[in-house]
Structures are given as structure tokens and as C-alpha cells.
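Please read the structure below before turning to the comments.
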Amino acid sequence: MAKIMGTDAQAISAAADALSRGELVAIPTETVYGLAADATNGEAVARIFEAKGRPHFNPLICHVASIAMAERYAEIDSLSRRLIEQFWPGPLTLVLPLRAGTAIHPLVAAGLDTIALRMPRGVAGAIIAALDRPLAAPSANTSGRISGTSAEAVADDLGTRIALILDAGPSEVGLESTIVRVEGETVSLLRPGGLAAEEIEAALGRKLVRLDQRAAIQAPGMLTSHYAPAAAVRLNARELRDGEALLAFGPERAAGAEKAAATLNLSPGGDLREAAANLFGFMKQLDRLGGASIAVEPIPFTGLGEAINDRLTRAAAPRGLAVDELERTR
Ligand code: TXA
Ligand code: MG
């Protein structure tokens with residue numbers, strides 16, 4: 001089983017040592033826990049896919065400790081730089097042109113000529129600085145499962161496959177980072193996430209281009225059912241069916257809520273930030289209770305609601321189908 005340490009100096013140096021030997025370490029970030037490997041070590045990066053049991057080599061996000069470090073690996077245009085200066089460290093990832101001949105292993109970007117970079121808040125920065133190498137880190141969970149937002153969740157899911165987990169308590173944001181790409185004057189939202197699109201739009205004074213789902217699937221790794229729990233998920237539930245567990249939101253309950261096998265409320269007061277932080281943990285808890293199906297009350301699409309609904313839509317999709325396959329079967 002994985003060893004669990006805190007985030008003191010001893011833990012940071014143990015993590016940096018393990019990473020420099022090519023081992024995997026689960027590290028806390030403000031979004032979700034990451035399954036980290038030295039991004040310059042191809043075998044270590046391959047181990048990420050092995051440990052996650054990912055069906056494809058999706059491009060991974062690369063984590064840096066400073067803007068100077070980002071500049072070693074990517075070309076940063078002026079709009080991207082504005083976003084970096086405003087939101088780093090924080091839950092924003094930028095897809096940028098990869099500099100030729102850098103030390104980042106090609107498996108990290110799945111052979112693309114771009115690289116997704118972000119600077120996380122918290123202890124991850126200290127580990128990256130100690131290692132002086134970027135870390136490739138997808139969310140710390142088995143492929144297709146709920147992202148790990150606590151050390152216990154990570155240990156449950158991946159504990160037999162990794163050596164070390166650093167525990168910083170529950171993730172502050174609870175959703176993966178927002179992914180944005182600047183191409184000329186166009187700024188595209190590739191993945192809604194923990195930084196609300198409206199905040200980015202306000203910073204830039206322009207609208208983000210939201211890719212339709214068909215375009216999104218062209219970013220590898222955007223499988224519809226990527227965020228699926230074992231139970232079936234039914235969205236926009238206004239009344240409960242027999243045997244369902246209930247993922248509630250806000251002060252008003254779906255009809256028949258009293259007969260739910262179990263109920264957890266993402267935010268009784270209707271706060272989307274609180275709901276985002278609770279989302280993966282609550283889905284996992286309801287899933288663990290073993291019900292066949294989870295009914296989810298309607299959640300507004302404003303602010304972080306966009307990312308929450310995106311995750312829930314993926315969780316509700318038929319398993320193993322990509323978006324274009326879904327469209328064909330409709
Ligand atoms: O919050 C997060 O972002 C977490 C924590 C651990 O930092 N990390 C995370 O990483 O979610 P990962 O590797 O699971 O995210 C991969 C996403 C995929 O949707 C992938 O398609 C996209 O990033 N991506 C990575 N590189 C890309 C690239 N060069 N172009 C377009 N999309 C890319
Ligand atoms: Mg993930």
C-alpha cells in the first residue's frame with residue numbers, strides 16, 4: 001500500500017526523491033489530487049497510463065513552478081501571458097506551442113506540437129521547484145472513475161499501484177483546471193473547470209469560443225463517459241424513481257426525495273463553488289453505497305455550474321462511447 005505523508009519539508013523531499021527515481025507520487029493541488037511523474041522521464045510518464053489503466057495515451061497537463069519555468073518549454077503569446085499573470089498559480093491550464101528540443105518527453109503531449117501547462121497552488125510548487133523539472137499529472141484516479149479530491153480517495157483507488165501519497169486534506173476547488181487555448185485573436189475554452197469562464201472573459205475583455213462537443217472530442221481524452229461512477233447517473237431529476245440515490249442541490253427537493261436510498265446535498269444553500277468542491281466526493285460516496293442509479297437534481301449552468309454540468313453529463317453518458325458515437329446512435 002502507498003505510504004501517506006503530510007506536506008512538511010520531509011514529505012517534500014521524499015516526493016522529489018521518488019519522482020527523480022521515476023516513481024509515481026500522488027500530490028495535492030488546489031483542483032484535484034494529481035498522479036505525478038517527472039515529465040522528462042518517458043518511462044515514468046508511461047507508468048501514469050499504466051496505473052490509471054487509460055485506454056489511450058491522452059496528452060497530459062504539465063505542471064510548472066514559475067513563469068520562467070513555463071518559458072523553458074513553451075512559447076507564450078501576449079494574451080496567454082495576461083492570463084498567466086492574472087491567474088497563476090491557480091486552476092487555469094494554457095495550451096501553448098511546445099518549444100522544439102525541450103526535455104519534456106513526447107509521451108506527455110501524446111506527440112502533439114503543443115503542451116498544456118499550469119502552475120498549481122500549494123505544495124506541488126515546492127516539489128516541482130525541489131526537483132527542478134516539470135511534472136506530468138492527470139487526476140489521481142483510475143481511468144473513467146471519479147477524480148480523487150482527498151488522500152483517502154486516492155489511496156482507495158490507486159493505493160496498491162503507487163508508492164507515495166502526500167495528504168493536504170480535501171482539495172480546495174474540487175474540479176480540474178479550466179483549459180484555454182489562444183490562437184491569434186481567438187481564445188477557446190477547451191475544458192470548463194475550476195476557474196469560471198466568466199472570470200477569464202472579464203480579464204481579457206472578450207468572449208471565449210466554446211467548442212461544441214464534436215470539436216471537443218478531437219482533444220483526445222474527452223471521452224463522454226470519462227467521469228463515470230459505477231452506478232448509472234440520471235440528470236435533471238425532478239422526481240425520484242424506486243431504488244435511486246439522490247444527489248441534491250439547493251433548498252428544494254425532487255418529488256419523492258424521502259424514498260431515496262441515500263441523499264447528499266452538493267450545497268443546501270445553492271452555492272455552486274461549494275457544489276463544485278463536493279461533486280466528486282459525493283458521487284463517490286453515493287456510488288460506494290452500491291445503489292444501481294444516482295438521480296441528480298437540476299443544477300444551473302452559470303459560473304462553475306457549466307463545469308459541474310459538463311462532468312455530470314459525462315458521468316451520465318453510456319459507458320465507453322465517445323461523443324461522435326453517441327451522435328451516430330441517436
Ligand atoms: O486540475 C487539473 O488540471 C488536474 C490537476 C492534477 O492538475 N490535471 C488534469 O490533467 O486534469 P489531465 O492530464 O487529466 O488533463 C488532460 C486534459 C485532457 O482533456 C487533454 O485532452 C487536455 O488536457 N490536453 C492536454 N494536452 C493538450 C494539448 N496539447 N492540446 C489540447 N488539449 C490538451
Ligand atoms: Mg481525470
If you add up the charges near Ser150, with Lys and Arg at +1 and Asp and Glu at -1, over every other residue whose beta carbon is less than 10 angstrom from its beta carbon, what do you get? -2
Accessible area of the chain with a 1.4 Å probe: how many percent of it is carbon plus sulfur? 51 percent
Evaluated at 25 °C and 0.890 mPa s, the Stokes-Einstein D of the chain based on the Kirkwood radius over Cα pairs, in µm²/s, stands at 122 µm²/s
Express in Å², to the nearest 10, the accessible area of Ser188 obtained by rolling a 1.4 Å probe over the protein heavy atoms while all chains stay in place. 10 Å²
So if a site counts as exposed when it's one of the GluC sites (Glu not before Pro), its DSSP state isn't H, G, I, E or B, and it has at most 14 other Cβ atoms within 10 Å, what's the longest stretch of the chain without one? 76-184
Would you mind getting the accessible area per residue of the chain, heavy atoms of the protein chains only, 1.4 Å probe, in Å²? 41 Å²
Nearest 20 debye, what's the magnitude of the dipole of the chain about its Cα centre given +1 on Lys and Arg Cβ and -1 on Asp and Glu Cβ? 540 debye
For the stretch 301-309, in order, what is each residue's ³J(HN,Hα) by Karplus, 6.51 cos²θ - 1.76 cosθ + 1.60 with θ = phi - 60°, in whole Hz (x at glycine and Pro)? 8, 7, x, 5, x, 4, 5, 4, 5
Residue with peak Gaussian network fluctuation, the chain [Cα springs, cutoff 10 Å], from Arg210, Arg181, Arg118: Arg210
If each of Ala230 and Glu75 carries a label point 7 Å out from its Cα toward its Cβ, how far apart are those two points in nm? 4.9 nm
Out of the DSSP beta bridges found with both residues in the chain, what percent are antiparallel (nearest 5)? 45 percent
Give me the angle, in degrees from 0 to 90, between the Cα long axis of helix 9-20 and the longest principal axis of the Cα atoms of the chain, rounded to the nearest 10. 80 degrees
How far is helix 42-52 tilted off the main Cα axis of the chain, in degrees rounded to 10, range 0 to 90? 10 degrees
Just to make sure I understand: if all protein chains stay in place, what is the order of Lys52, Lys207 by accessible area at 1.4 Å, largest first? Lys207, Lys52
Run the reach check for Lys259 against lysines, Cα to Cα strictly under 19 Å, same-chain hits fewer than 8 apart removed. What comes back? none
For the cross-link pairs Lys3/Lys52; Lys52/Lys207; Lys207/Lys284, which exceed 27 Å when the distance is taken from alpha carbon to alpha carbon? Lys52/Lys207; Lys207/Lys284
Would you please give the residues with an amide H less than 5 Å from that of Thr93, counting only those at least 5 places away or on a separate chain, with H modeled from the backbone geometry? Thr178, Ile179, Val180
Using Cα pairs under 8 angstrom and six or more residues apart, how large is the relative contact order of the chain, in percent? 20 percent
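The values are calculated or read from the model by the stated rules, or taken from the named source; none is laboratory data. It should be emphasised that the depicted structure is a prediction, and the values quoted were computed from it without experimental measurement. Methodologically, a virtual Cβ is constructed for each residue, glycine included, from the backbone with ideal geometry; neighbour enumeration extends over all protein chains shown. What goes into the accessible areas is simple: the full protein's heavy atoms, side chains included, and nothing from ligands, DNA or RNA. Shrake-Rupley method; radii C 1.70, N 1.55, O 1.52, S 1.80 Å.
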